[in-house]
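The values are calculated or read from the model by the stated rules, or taken from the named source; none is laboratory data. Bear in mind the structure is a predicted one, so any value in this text is a computation, not a measurement. A quick note on method: Cβ atoms are made from the backbone with ideal geometry, for glycine too, and the neighbour counts reach across all protein chains shown.
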Amino acid sequence: MEITMQWIRTSWTKHSRGGKAAALRNAAPTRFLVSPVPTSFAQVIRMSERDGFEPHESEQDMREVGLGLRDEGDRLRVPARVEQLFGLPPRPRRPPAVRLAPGQWVRWQLNYRFSSAAGIRDWSYWLDTFNVVYGPVGPDVFLSEPTVLVDECGPVR
């Protein structure tokens, strides 16, 4: 069965935690039209404070993206792998994997907080949004509301 994935990473520093800069960051989209990419590849969109949260698109092999996808025949099992545990804000517990039937899709969001090892640079932050649909779809599939929304965003102080 066909799988379509978007991985959207938004990154910022303390500068974008308040005022106009935070409003610009909060306006950064978490969904885009689906671009044609080769089978087994994800559409990757990166937005950063450095360039005013302008989207930059590329593609990446789905096996290298932060989700563990497993086709179980009639369902797609979608668990999020958490990268770099030292960057996680406190979370009470991780949610279980989502199982999608054909035509269903999930939006899974995780956030991270980092500082430099020596504490010299300011804190930096990421928001990873994964949009995944199971089955053939049109380019506007992710512009609608997801079948399942998993929000694992924790406090970033």
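Taking first residues from segment 49-66 that are farther than 17 Å from VAL34 by Cα and without any contact (Cβ under 8 Å) to a residue 60 or more places away in the chain and partners that are among the basic types (Lys, Arg) and outside any strand (DSSP E or B), the Cβ contacts under 8 Å between residues at least 6 apart in sequence or on separate chains come to GLU49/ARG25; PHE53/ARG25.
Filtered by the rule that a residue be touching a strand residue (DSSP E or B) at 6+ places or on another chain (Cβ under 9 Å), assigned to a loop (DSSP other than H, G, I, E, B) and farther than 17 Å from TYR134 by Cα, segment 48-65 gives PHE53, GLU54, PRO55. Any idea which residue in segment 138-157 is surrounded by the most Cβ atoms within 10 Å (Cβ to Cβ), counting only those that are in contact with a Phe, Trp or Tyr (Cβ under 8 Å, 6 or more places away or on another chain) and part of a loop (DSSP other than H, G, I, E, B)? Once the filter is applied, the top-ranked residue is PRO146. Filtering segment 138-157 to residues that are more than 19 Å from VAL98 (Cα to Cα), at pLDDT 90 or above and not charged (D, E, K, R) leaves GLY138, PRO139, LEU143.
Scanning segment 27-43 for residues that are part of a loop (DSSP other than H, G, I, E, B), touching a Ser or Thr at 6+ places or on another chain (Cβ under 9 Å) and under 11 Å from SER58 (Cα atoms) turns up just one, VAL37.
Scanning segment 15-47 for residues that are more than 18 Å from VAL132 (Cβ to Cβ), surrounded by 19 or more Cβ atoms within 10 Å (Cβ to Cβ) and of a type outside the set (A, V, I, L, M) yields SER16, ARG25.
For (1) modelled with pLDDT of 90 or more; (2) of a type in the set (Asp, Glu), each residue gets a yes or a no:
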position: ASP51; (1), (2): yes, yes
position: ASP61; (1), (2): yes, yes
position: ALA80; (1), (2): no, no
position: GLU83; (1), (2): no, yes
